[in-house]
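Q: Just passing along the structure, written as structure tokens.
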Amino acid sequence: MKIGIVCYPTYGGSGVVATELGKALAKEGHKVHFITYQEPVRLDTFHENIFYHEVSALDYPLFQYQPYESALASKIVDVARFEQLDILHVHYAIPHASSALIARSILKEKGFHLPFVTTLHGTDITLIGKDPGYKPVVEYSINHSDGITSVSQSLKEDTYKNFNITREIEVIPNFIDFSRFKKTDKDHFKKAIAPQGEKILIHVSNFRKVKRVEDVVRMFELVVKKIPSKLLLVGDGPERMGLEMLCRELAICDQVRFLGKQDAIEDLLAISDAFVLPSETESFGLAALEAMACEVPVISSNAGGIPEINVHGTTGYMSAVGDFKDMAQNTITLLEDEARLLQFKANAYAHAQTFAIENILPLYERYYEKVFKSAEVEFVI
Ligand code: GMT
């Protein structure tokens, strides 16, 4: 098929999923056209079946905000007609679904049929999308998509709860590419970070409030009192400065390393013993799945879709949102018993395999076919 993909090109989870999906589809022989305002960060290798079309929203002194939604819709119209796209897949509802909707209407008037699938990722529903400033447009464009998928059952339920959705939402979970995310021997690296054989805890996020990174620091302060350990904080965002201050206040700076944004996350996961994800809301938790693929058990909250990947008492432990003391206790239980830790590492890896890209990609391919066929019938009628 000729598939258009619209996504955020930066480090967010939805952009990563969209890009990895596009790359996998291209390997299967589909022609994949990315339509974004910047080359997606994970689009790091050349492939003959991958094409990139940049959206440029013309600036003008009259605009306080550039009308990106219109520029995107125009670009979709242009690419769809020129490249003869069969289907468009937009990731993250705002504003991609409404741009797709406008583009589809314009194309229809020109006699060109472009069905589109909207994938809901998380904050487009649970945080931003339900804000009254966006809700009517988000609801309308979801209801008028030709296909709707969500990355977890929990997000599907949240969508029905927060919006008046009249359509069926298909759950297609996020996936993992084991050729990249796998445990490798990085012992030299481990020795540099934890020279006395300390255990290594890791957190990876965009350091926004919703990630509750403060809970990571507070639980670590309790853990390090009982278990010699180090904490790696990977990523960057608005909360970072406050977290650095907190580490100073708690006098744990020698045990905590802020690593900023890192590309080779798998190398850091390879030396880690536990991944910490205390999020307030989390529709899926791709970062936790990446950790599990690298044999790292997960200490998390039980928010949103996390229970769909982290099995309490098997692949890690879950606590109520905000209960960092319980998270610390669970971490100590896990790390103080070497046999248990080894078992949890093996369990995490085994469970992550359910989400191997080889299992999930066909679900998208079948869904595209289904949407394409039923939308074609409607178009002809
Ligand atoms: O909010 C973020 O962390 C970024 C956001 C995105 O769309 O870029 O992530 C969401 O989508 C990811 C990929 O599907 C999920 O793994 C994350 O759980 C989800 N984040 C939240 O729900 C907070």
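The values are calculated or read from the model by the stated rules, or taken from the named source; none is laboratory data. This one's a predicted model, so the numbers in the text were calculated from it and none came from an experiment. So basically every Cβ, Gly included, is an ideal-geometry build from the backbone, and we count neighbours across all protein chains shown.
Q: Of the conditions (1) assigned to a loop (DSSP other than H, G, I, E, B); (2) surrounded by 20 or more Cβ atoms within 10 Å (Cβ to Cβ), Ile202 clears all except one; give me its number.
A: So the condition that Ile202 fails would be (1).
Q: Let me ask something else. Going by what's in this entry, would His89 be described as buried (at least 24 other Cβ atoms within 10 Å of the Cβ), of a type outside the set (Phe, Trp, Tyr), within 13 Å of the ligand (Cβ to nearest atom) and within 17 Å of Cys7 (Cβ to Cβ)? Steps first, answer last, please.
A: Numbers: buried (at least 24 other Cβ atoms within 10 Å of the Cβ): yes; of a type outside the set (Phe, Trp, Tyr): yes; within 13 Å of the ligand (Cβ to nearest atom): no; within 17 Å of Cys7 (Cβ to Cβ): yes.
For His89, the condition - buried (at least 24 other Cβ atoms within 10 Å of the Cβ), of a type outside the set (Phe, Trp, Tyr), within 13 Å of the ligand (Cβ to nearest atom) and within 17 Å of Cys7 (Cβ to Cβ) - is not met.
Q: Then there is this: Residues of the stretch 106-136 being assigned to a loop (DSSP other than H, G, I, E, B), near the ligand (Cβ under 9 Å from one of its atoms) and buried (at least 18 other Cβ atoms within 10 Å of the Cβ), which ones?
A: If the condition is that a residue be assigned to a loop (DSSP other than H, G, I, E, B), near the ligand (Cβ under 9 Å from one of its atoms) and buried (at least 18 other Cβ atoms within 10 Å of the Cβ), then His121, Gly122 are the ones that fit.
Per-residue answers, yes or no, for (1) charged (D, E, K, R); (2) assigned to a helix (DSSP H, G or I); (3) farther than 27 Å from Ser150 by Cβ:
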| position | (1), (2), (3) |
| --- | --- |
| Phe189 | no, yes, yes |
| Ala192 | no, yes, yes |
| Val217 | no, yes, yes |
| Met241 | no, yes, yes |
| Glu244 | yes, yes, yes |
| Asp263 | yes, no, yes |
| Thr281 | no, no, no |
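Q: Filter the stretch 215-234 down to residues that are within 16 Å of the ligand (Cβ to nearest atom) and free of Cβ contacts under 8 Å to residues at least 40 places away in the same chain and give me whichever is farthest from Glu290 (Cα to Cα). Let's see the steps before the verdict.
A: In the first step, residues of the stretch 215-234 are kept if they are within 16 Å of the ligand (Cβ to nearest atom); the result is 215-216, 233-234.
Going one step further and asking which of them are free of Cβ contacts under 8 Å to residues at least 40 places away in the same chain, we end up with 233-234.
Numbers: Leu233: 16, Val234: 14 Å.
Among those that are within 16 Å of the ligand (Cβ to nearest atom) and free of Cβ contacts under 8 Å to residues at least 40 places away in the same chain, it is Leu233.
Q: Being touching a residue at least 60 places away in the same chain (Cβ under 8 Å) and more than 11 Å from the ligand (Cβ to nearest atom) narrows it down to one residue among Asp267, Asp254; which is it?
A: Within the list Asp267, Asp254, the selection yields Asp267.
Q: Restricted to the stretch 318-327, and to residues that are touching a Ser or Thr at 6+ places or on another chain (Cβ under 9 Å) and not basic (Lys, Arg), which residue is surrounded by the most Cβ atoms within 10 Å (Cβ to Cβ)? Break it down stepwise before answering.
A: If we filter the stretch 318-327 for residues that are touching a Ser or Thr at 6+ places or on another chain (Cβ under 9 Å), which is where we start, we get 318-323, 325-327.
The next check asks that each one be not basic (Lys, Arg); those that pass are 318-323, 326-327.
On the way: Met318: 24, Ser319: 21, Ala320: 10, Val321: 19, Gly322: 15, Asp323: 17, Asp326: 16, Met327: 28.
That would be Met327.
Q: If you take the residues in the stretch 294-306 that are farther than 15 Å from Ser150 by Cα and touching a Pro at 6+ places or on another chain (Cβ under 9 Å), which one is nearest to the ligand (Cβ to nearest atom)?
A: Top of the filtered list is Ala303.
Q: I'd like the full set of residues that are modelled with pLDDT of 95 or more and farther than 17 Å from Val298 by Cα, limited to the stretch 198-207.
A: Listed by number, the residues that qualify are Glu198, Phe207.
Q: Across the stretch 331-381, what is the total count of residues that are surrounded by 17 or more Cβ atoms within 10 Å (Cβ to Cβ) and either farther than 20 Å from Ile271 by Cα or of a type in the set (Ser, Thr, Tyr) (or both)?
A: 12
Q: Taking Ala291, is it within 14 Å of the ligand (Cβ to nearest atom) and touching a residue at least 24 places away in the same chain (Cβ under 8 Å)?
A: Here the answer is yes, as Ala291 does meet what is asked.
Q: Which numbered condition in (1) in a helix (DSSP H, G or I); (2) within 17 Å of Lys75 (Cβ to Cβ); (3) not aromatic (Phe, Trp, Tyr) is the only one that Pro40 fails?
A: (1)
Q: Evaluate the stretch 342-352: report whether one residue or more is closer than 28 Å to His91 by Cβ, of a type in the set (Ser, Thr, Tyr) and outside the structural domain of Glu295 (by TED's automatic domain parsing).
A: Within the stretch 342-352, none of the residues are closer than 28 Å to His91 by Cβ, of a type in the set (Ser, Thr, Tyr) and outside the structural domain of Glu295 (by TED's automatic domain parsing).
Q: In this structure, does Val311 turn out to be at pLDDT 95 or above and within 16 Å of the ligand (Cβ to nearest atom)?
A: Criteria not met by Val311.
Q: Checking Ile176 against (1) in contact (Cβ under 8 Å) with a residue 60 or more places away in the chain; (2) surrounded by fewer than 18 Cβ atoms within 10 Å (Cβ to Cβ); (3) β-branched (Val, Ile, Thr), which single condition isn't satisfied?
A: Here Ile176 clears every test but (2).
Q: Here's another thing I want to ask about it. Please find, within the stretch 1-14, the residue that is nearest to the ligand (Cβ to nearest atom) out of those that are touching a strand residue (DSSP E or B) at 6+ places or on another chain (Cβ under 7 Å) and outside any loop (DSSP other than H, G, I, E, B).
A: Ser14
Q: Find the residue count for the stretch 92-105, including only residues that are buried (at least 24 other Cβ atoms within 10 Å of the Cβ) and within 16 Å of the ligand (Cβ to nearest atom).
A: Of the residues in the stretch 92-105, 4 are buried (at least 24 other Cβ atoms within 10 Å of the Cβ) and within 16 Å of the ligand (Cβ to nearest atom).
Q: I'd like the full set of residues that are crowded, with 24+ Cβ neighbours inside 10 Å and in contact with an Asp or Glu (Cβ under 9 Å, 6 or more places away or on another chain), limited to the stretch 305-317.
A: Passing the criteria: Gly305, Ile306.
Q: On the given criteria, is Ile271 outside the structural domain of Gly147 (by TED's automatic domain parsing) and crowded, with 24+ Cβ neighbours inside 10 Å?
A: So Ile271 passes the test.
Q: Okay, moving on. Limited to the stretch 106-127, what total is found for residues that are without any contact (Cβ under 8 Å) to a residue 12 or more places away in the chain and either under 18 Å from Lys373 (Cα atoms) or aliphatic (A, V, I, L, M) (or both)? Quick ask: steps written out before the conclusion?
A: Going through the stretch 106-127, the residues without any contact (Cβ under 8 Å) to a residue 12 or more places away in the chain turn out to be 109, 111.
Okay, now just the ones that are also either under 18 Å from Lys373 (Cα atoms) or aliphatic (A, V, I, L, M) (or both), so 111.
Here the count works out to 1.
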